[in-house]
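Have a look at the structure below before the remarks.
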Amino acid sequence: MLIYLRVLKESFSFALNALRKNKLRTFLSLLGVTVGIFSIIAVLAAVDSLDRNIKESLSSLDSNTMYLSRLSFAPTDVPRWKREQFEDISYNEYKHLKSTLSDAKHVAFQLFVRRENIRYEAELVSSVNTVVVSHEFTDIQVLEFEKGRFYNESESNSGKAVVVIGSSIAKSLFGDLEPIGKKVRIYGQKFTVIGVVKKEGSGLFGDSNDVSIFLPANYVRNRFGDNNPNIINVVIIKPEEDADIEGLKAEVVQILRGKRGLKPDEINTFFISVISGLKDAIDGIISVLNGIGWAISGFSLLVGGFGIANIMFVSVKERTNLIGIQKSLGAKNRFILFQFLFEAVILAIVGGLFGLLFVYIIAKVMNGVVGDDFNFVLSFGNMFLGFALSTFIGLISGLIPAISASKLDPVEAIRTGM
C-alpha cells in the first residue's frame, strides 16, 4: 500500500512539473477536458434545474388532476380541422359532471380569457393574467393568502363583482395602502378586492399568481355569454385519493358522450388531459435534452482525451532514461504502469476541476441575474459525475502510453535517453 502512495506522490509531482515546464502545451491539451466537462455538466445541471423547477411549479396540483376541454394539451391524431368543429364544454355539462361523477373529489369550471387591465384611481396595471374560475378552484390548486380570502360558493354562483389579486398587483395598485375592500375597475366595472394571494415568485408556465387576478366564472359568463369564440371553457377534475383514474376517465367519457348524444361510431368531441401525462411528456423532453448534451459534449471529451494522451506520450519520451534507471534498480512493470496512469488521471482531474469551477461560477451569476425566476443548481451528483468522468478520461487516455512505458527494455531505455 505504501508503495502505491509513493507512486501517487511521484506522479503528482511529475504532473505538476508537466504543468510548469510546458505551460502552453499542457494548457491546450487540458483545454479539451475542461471544455468537455464544462459542457456536459453545464447541460446536465441546466436540464436538472429545469426539471426541478417545472416539477416544483406542478407540485401544487395532484398528478392525477384532469383537464376536460375541446382542446388537447398533448399531441393527438385528430385532425385540426375536425378539432376546430368541437363545441366548448358548457357550464351545464360542468354542473352535470359535478353531480354525477362518483370518484371526483372536486370539480371546477374555468374560462380561458384574454388579458385585462386593472385600475385603482390613477394607478393602472395593463395586460394582467386573468384567471376566471369557480369557487372550487382553491380546492384543486393550493392558494395561500397574504390577506383576505377567496370568493365563496354564493359569490361564485351569483357572479358577484369580487376579485382576488396577486401580491405584485396589490403592490402596484395600492402601495402601502390596505387593499381589502378597495374598489378596482376591470372590464370598465367596479370590483371589490376580497383577497391578496401570498407572494410565491415567478412561474415557469406563464405568469405566476403574483401577477394574476381571480374572477368568478359566472361574472364573465353573465357578461359575455356562453358562446363567445374568444373564450375557452375547461372543467378541472380532482379525483378522490383512492380513485381508479382510468375508471374515472371512462366514466367522464361515458357521461359526456351521453350528454352530447354521440353515436357509438362517432369520436369523442372533447379531450381529457391528465397532469401525470404532462409530467411524463416533460420527462421525455428532459431525456432528449440530456442525450443531446451528452452527444455534443462527447466530442469535447474526445479531444480532451487525445490531448492527455499526447502529453503522456511526450512525457514517456522525455523520461525514457529515467524509466530505464528505475527498471535497472528493480522497479517492476506495474510500478511504471501505475506511475504514468496516475499522472494521466491527475492531469485529467485538473482539467475537470476547472470545468466544474466554471460551471459553478456561471450558476452563481445566473442565479444572481434571474433571481427567483429560475433556480440554477449544481448538484453534488453532477459534481461527482464530473470528477468521475475526468478520472475515466485520464485512465483511458493514459493507458496506452503507460503500457508502452512499462514495457521498455531498461538497457535500451537508458541508451536511448542518453
Centre separation in Å (Cα based) which lies between region 343-358 and region 103-181:
53 Å
Directionally averaged projected area (convex hull, Cα atoms, region 82-138), nm²
6.3 nm²
Ordered by packing density, taken as the mean number of other Cβ atoms within 10 Å over each peptide's residues, highest first, how do 63-70, 336-343 rank?
336-343, 63-70
What are the radius of gyration and Dmax of region 231-278, computed over its Cα atoms and given in Å?
12.1, 34
Going by average Cβ density within 10 Å per residue, which order do the peptides 180-186, 43-49 take, highest to lowest?
43-49, 180-186
Take ILE325 and LEU302, extend 7 Å from each Cα along the Cα→Cβ direction, and tell me the distance between the two endpoints in nm.
4.1 nm
Against the 2.2 N^0.38 Å scaling, with N counting residues, where does region 75-234 land? I'd like the Cα-based Rg ratio to two decimal places.
1.09
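Order ARG83, ARG119, most accessible first, counting only protein heavy atoms with a 1.4 angstrom probe.
ARG119, ARG83
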Can you give me the % of accessible surface on region 177-265 that is carbon or sulfur? Probe 1.4 Å, all protein chains present, nothing else counted.
46 percent
Given LYS105/LYS199; LYS98/LYS183; LYS82/LYS199; LYS199/LYS249; LYS82/LYS198; LYS199/LYS364, the pairs whose alpha carbons are separated by over 30 Å
LYS98/LYS183; LYS82/LYS199; LYS199/LYS249; LYS82/LYS198
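The values are calculated or read from the model by the stated rules, or taken from the named source; none is laboratory data. Owing to the predicted nature of the structure, the values given are computational and were not obtained by experimental measurement. All Cβ positions, even for glycine, are placed from backbone atoms using ideal geometry, and neighbour counts span all protein chains on display. What goes into the accessible areas is simple: the full protein's heavy atoms, side chains included, and nothing from ligands, DNA or RNA. Shrake-Rupley method; radii C 1.70, N 1.55, O 1.52, S 1.80 Å.
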